[in-house]
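Note sheet for the following structure.
The values are calculated or read from the model by the stated rules, or taken from the named source; none is laboratory data. Every value quoted in this text rests on a predicted model; they were computed, and no experiment measured them. Every residue, glycine among them, receives a Cβ derived from its backbone with ideal geometry; neighbour counts consider all protein chains shown.
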Amino acid sequence: MRIDTKCIQSGYAPKNGEARILPIYQSTTFKYESTEQMGRLFDLEEDGYFYTRLANPTNDAVAAKIADLEGGVAGMLTSSGQSACFYSIFNICEAGDHFVCSTSIYGGTYNLFSVTMKKLGIDVTFVDPDASAEEIAAAFRPNTKALFGETIANPALVVLDIEKFAKVAHDHGVPLIVDNTFATPINCRPIEWGADIVVHSTTKYMDGHATSVGGAIVDSGNFDWEAHADKFPGLTTPDESYHGVVYTERFGKAAYITKATATLMRDLGSIPSPHNSFLLNLGLETLALRVRKHCENAQKVAEFLNKNDKVSWVSFSGLEGDKYHDLAKKYMPNGSCGVISFGVKGGRESAVKFMDSLKLAAIVTHVADARTSVLHPASHTHRQMNDEELKAAGVTPDLIRFSVGIEDADDIIEDIENALCAAQ
Ligand SMILES: *Cc1c(COP(=O)(O)O)cnc(C)c1O
């Protein structure tokens, strides 16, 4: 099936007489006729549902759809993008381990990795995603277990050279984990470029309607854990908490994702509600349509901004001459995403006036939604920082993060034009 068809058809195939639309299994638990059969489920010897924290048919169907869209062997849903990022690392790292990560990542992930995971004894080294393979390799240590990056970084819009990252990771015998939230599998499938694990905040384009916070992890099945068995004992040696199961032996290509479900989800429990997964699935059905429209609109808006004399700079990889134009063309030939960063002349003060003068675009913390939305990091997510600190964080005081929706592009442009005039 092609990608548009997968958005509609993957994950759920009703049998004769069953509901055509994915049912919401709003049930914590599942009934069995015999004690013995339930026991086999607990030993992972038999497939079946017994408790929604471990597996639920609605959640599983949506996870399978996302895995299919990304070209992976299996997937798992989480209750947020944050928990997907956390589990993706914690599934293969423990206290005393280390991983390497691009500096250009979502702020929440940066805090998780640099502060909270450090408290768990897992160390991280950040590397400039534009650095050479040799420079990135220099950050690796004997205890390094993974390399992490974002296809299109939120909010810096840096495009990741996935092949470069995959090569460095594989040269060191560790998997590449890519957060593909902004690109979505419609525009880029990191597994095709060498990524081993893909994570998502489904809260963004996948849900697309700002209804449900959620996340996903997809396992490509390609990483050979046994070839690097000493690095990944959690996957290649008996797990005493599951009667000595060895995940790579029992589950083969799905070893990583099975361990994530069987241990992390069992013990930490960040599951989505089946109702939220149902809503996510509705979003996924139109993902291909919406992403195309987001990209088309963003291109028009970026070109308008680029020509406007009240705008000091525009960052959007779809623009010729953008620093990431060539990388975006390679990895995302059909478009990157609907998010644009730009600066207005007059600095912080004009930026605030501009924001307050917008009528159609809504001031919200959210991005990647059907509705056009806008955020001023200096006044919102980064408001504790003064202008000096903002610069050090790569957020200029005039930076506006503009998430182009799927309304008519001319209405969005008129709204911007009016607000730019009012801000002068
Ligand atoms: C939003 C976001 C996250 C965090 O996801 P939540 O669903 O908000 O927990 C992680 N990565 C990226 C790239 C994001 O944009």
Helices (runs of 4 or more DSSP H) contained in the range 1-106 and holding at least 2 residues within 16 Å of the ligand (Cβ to nearest atom) and surrounded by 14 or more Cβ atoms within 10 Å (Cβ to Cβ): 57-70, 81-90
Of the residues in the range 1-50, those that are small (Gly, Ala, Ser), in contact (Cβ under 8 Å) with a residue 24 or more places away in the chain and on the phi > 0 side of the Ramachandran plot number 1
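Of the residues that sit in the range 135-156 and are charged (D, E, K, R) and over 25 Å from residue 316 (Cα atoms), which one is farthest from the ligand (Cβ to nearest atom)? Please lay out each step first, then the result.
Filtering the range 135-156 down to residues charged (D, E, K, R) leaves 135, 141, 145, 150.
Next, from what is left, pick out any that are over 25 Å from residue 316 (Cα atoms): 135, 141, 145.
On the way: 135: 23, 141: 25, 145: 20 Å.
Checked the range 135-156; the qualifying residue farthest from the ligand (Cβ to nearest atom) is 141.
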Just need a number here: residues in the range 174-211 that are charged (D, E, K, R) and more than 14 Å from the ligand (Cβ to nearest atom). 3
For the range 231-281, enumerate the residues that are outside any loop (DSSP other than H, G, I, E, B), farther than 15 Å from residue 63 by Cβ and among the hydrophobic types (A, V, I, L, M, F, W, C). 235, 245, 251, 255, 268
The residue that is nearest to residue 261 (Cα to Cα), considering only those in the range 212-227 that are within 12 Å of the ligand (Cβ to nearest atom) and out of contact with any strand residue (DSSP E or B) (no Cβ under 6 Å at 6 or more places or on another chain), is 214
Of the residues 184, 151, which is of a type in the set (Ser, Thr, Tyr), in contact with a Phe, Trp or Tyr (Cβ under 6 Å, 6 or more places away or on another chain) and crowded, with 24+ Cβ neighbours inside 10 Å? 184
Return yes or no: is residue 171 within 27 Å of residue 334 (Cβ to Cβ), more than 14 Å from the ligand (Cβ to nearest atom) and not β-branched (Val, Ile, Thr)? no
From the list 383, 401, pick out the single residue that is buried (at least 16 other Cβ atoms within 10 Å of the Cβ) and among the basic types (Lys, Arg). 401
Can you find a residue in the range 96-105 that is within 16 Å of residue 256 (Cα to Cα), among the small types (Gly, Ala, Ser) and touching a residue at least 12 places away in the same chain (Cβ under 8 Å)? no
For the range 361-408, give me each residue that is within 23 Å of residue 204 (Cα to Cα) and more than 26 Å from the chain's Cα centre (by Cα). 408
Given the criterion within 16 Å of the chain's Cα centre (by Cα) and more than 30 Å from residue 116 (Cβ to Cβ), identify the matching residue among 68, 43, 4, 47. 68
How many residues does the range 218-247 hold that are modelled with pLDDT of 95 or more, surrounded by fewer than 22 Cβ atoms within 10 Å (Cβ to Cβ) and among the polar types (S, T, N, Q)? 3
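Tell me yes or no: at least one residue of the range 123-134 is within 16 Å of the ligand (Cβ to nearest atom), in a helix (DSSP H, G or I) and over 16 Å from the mean Cα position of the chain (by Cα).
First pass over the range 123-134, keeping only residues within 16 Å of the ligand (Cβ to nearest atom): 124, 126, 129.
Applying the additional criterion that residues be in a helix (DSSP H, G or I) yields none.
No, there is no match, as no residue in the range 123-134 is within 16 Å of the ligand (Cβ to nearest atom), in a helix (DSSP H, G or I) and over 16 Å from the mean Cα position of the chain (by Cα).
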Please give the strands (runs of 3 or more DSSP E) falling wholly within the range 288-378 in which 2 or more residues are touching a residue at least 24 places away in the same chain (Cβ under 8 Å) and within 16 Å of residue 182 (Cβ to Cβ). 339-344, 373-375
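So, in the range 210-228, of the ones that are in contact (Cβ under 8 Å) with a residue 24 or more places away in the chain and out of contact with any helix residue (DSSP H, G or I) (no Cβ under 6 Å at 6 or more places or on another chain), which residue ends up nearest to residue 3 (Cα to Cα)?
Start the filter on the range 210-228 by keeping residues that are in contact (Cβ under 8 Å) with a residue 24 or more places away in the chain, which leaves 210-223, 225, 227-228.
Keeping just the survivors that are out of contact with any helix residue (DSSP H, G or I) (no Cβ under 6 Å at 6 or more places or on another chain) gives 210, 213, 222-223, 227-228.
Working: 210: 23, 213: 24, 222: 21, 223: 24, 227: 32, 228: 33 Å.
If we take residues in the range 210-228 being in contact (Cβ under 8 Å) with a residue 24 or more places away in the chain and out of contact with any helix residue (DSSP H, G or I) (no Cβ under 6 Å at 6 or more places or on another chain), then 222 is nearest to residue 3 (Cα to Cα).
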